[in-house]
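Take a look at the structure set out below.
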């Protein structure tokens, strides 16, 4: 966090444990960021394993601690990714309902999720975009996308979103590849794909960590540059609690600490908490 805050992110975010009773690490991390840094901080929030009243109590507690931003998410099924999701008895049904509840409590700044390759539980892209539209209509301020590596996929998705009448800013999620094997497993669970051309750039580097690092930084920087050429002006980086690779990406983009006109933001993830950095 100290290394990345020098890049003046628009905001940072902290991930959230499932259920209102397991948000203690999130609250502690968010409170520390608010109290000890000048970073604009958002807390992730989910509806998993919690009643509406429990979620509302968490929101008010965070608000009273100075939190004015949330990343509103449904959350993963309690039985694990791949299992059927069932709304908690007496709880909010989905992220759109959570956005509405947040706006009813206070005028928070709210980010939501978007899926260029479709949420794995959506029956088709039309249903997926309909959910994004509901989140937008209920008061979301922006959408942060799941990571992707094919910019054509993002551009096609954005065109479909705009075609559905959704004007919500859609910020692309950029994932510098810290560990290709782990990322491939994660991508399979969340419905994202890794193009063969991306994987091939790591061929022959199994025993060369420095080489993998350089390739990973190159891939992320090239993706951002291509998106800039396509007119994208904001970026959300999944930093995965690592600053070295993210800074290498910034170096390749010519972004210097606190001096660039390109905005940055990021997220730290781990142990129930996370920090989000976005560049745009």
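The values are calculated or read from the model by the stated rules, or taken from the named source; none is laboratory data. Here the structure is a predicted model, which means the values were calculated and not measured. Virtual Cβ from ideal backbone geometry, glycine too; neighbours counted across all protein chains shown.
Which condition number in (1) over 20 Å from residue 93 (Cβ atoms); (2) modelled with pLDDT under 90 is the one that residue 60 fails?
Evaluating residue 60 over (1) over 20 Å from residue 93 (Cβ atoms); (2) modelled with pLDDT under 90 leaves (2) as the failure.
Have a look at 248, 258 and point out the one that is touching a helix residue (DSSP H, G or I) at 6+ places or on another chain (Cβ under 7 Å), touching a residue at least 12 places away in the same chain (Cβ under 8 Å) and surrounded by fewer than 19 Cβ atoms within 10 Å (Cβ to Cβ).
Being touching a helix residue (DSSP H, G or I) at 6+ places or on another chain (Cβ under 7 Å), touching a residue at least 12 places away in the same chain (Cβ under 8 Å) and surrounded by fewer than 19 Cβ atoms within 10 Å (Cβ to Cβ) holds for just one of 248, 258, which is 248.
Of all the residues that make up region 133-150, how many are buried (at least 20 other Cβ atoms within 10 Å of the Cβ), without any contact (Cβ under 8 Å) to a residue 60 or more places away in the chain and in a loop (DSSP other than H, G, I, E, B)?
Count: 2.
Of these, 215, 224, 249, which one is over 27 Å from residue 119 (Cα atoms), under 20 Å from the mean Cα position of the chain (by Cα) and assigned to a helix (DSSP H, G or I)?
249
For residues in region 178-203 being touching a residue at least 60 places away in the same chain (Cβ under 8 Å) and crowded, with 18+ Cβ neighbours inside 10 Å, which is farthest from residue 138 (Cα to Cα)?
Ranking the candidates gives 178 first.
Output the residues belonging to region 227-246 that are touching a strand residue (DSSP E or B) at 6+ places or on another chain (Cβ under 8 Å) and not in a strand (DSSP E or B).
Correct list: 227, 232, 234, 239, 240, 241, 246.
A quick yes/no check of all residues on (1) touching a residue at least 12 places away in the same chain (Cβ under 8 Å); (2) out of contact with any helix residue (DSSP H, G or I) (no Cβ under 9 Å at 6 or more places or on another chain):
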| position | (1), (2) |
| --- | --- |
| 57 | yes, no |
| 70 | yes, no |
| 78 | yes, yes |
| 84 | no, yes |
| 89 | yes, yes |
| 93 | yes, yes |
| 96 | yes, no |
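Just name the residue that is modelled with the lowest pLDDT out of those in region 38-47 that are out of contact with any helix residue (DSSP H, G or I) (no Cβ under 6 Å at 6 or more places or on another chain) and farther than 11 Å from residue 98 by Cα.
By that ranking, first place goes to 38.
Inspect region 3-20 for any residue being in contact with a helix residue (DSSP H, G or I) (Cβ under 6 Å, 6 or more places away or on another chain), farther than 30 Å from residue 250 by Cβ, modelled with pLDDT under 90 and surrounded by 15 or more Cβ atoms within 10 Å (Cβ to Cβ) and give the result as yes or no.
Scanning region 3-20 turns up at least one residue that is in contact with a helix residue (DSSP H, G or I) (Cβ under 6 Å, 6 or more places away or on another chain), farther than 30 Å from residue 250 by Cβ, modelled with pLDDT under 90 and surrounded by 15 or more Cβ atoms within 10 Å (Cβ to Cβ).
Every residue, every condition in (1) outside any loop (DSSP other than H, G, I, E, B); (2) surrounded by fewer than 18 Cβ atoms within 10 Å (Cβ to Cβ); (3) touching a strand residue (DSSP E or B) at 6+ places or on another chain (Cβ under 8 Å); (4) without any contact (Cβ under 8 Å) to a residue 12 or more places away in the chain, yes or no:
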{"position": "99", "(1), (2), (3), (4)": "yes, no, yes, no"}
{"position": "104", "(1), (2), (3), (4)": "yes, yes, no, yes"}
{"position": "110", "(1), (2), (3), (4)": "yes, no, yes, no"}
{"position": "118", "(1), (2), (3), (4)": "no, no, no, no"}
{"position": "123", "(1), (2), (3), (4)": "no, yes, no, yes"}
{"position": "128", "(1), (2), (3), (4)": "yes, no, no, no"}
{"position": "131", "(1), (2), (3), (4)": "yes, no, no, no"}
{"position": "153", "(1), (2), (3), (4)": "yes, yes, no, no"}
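Let me confirm something: among 218, 206, which residue is loosely packed, with under 14 Cβ neighbours inside 10 Å and at negative phi?
Matching residue, one of 218, 206: 206.
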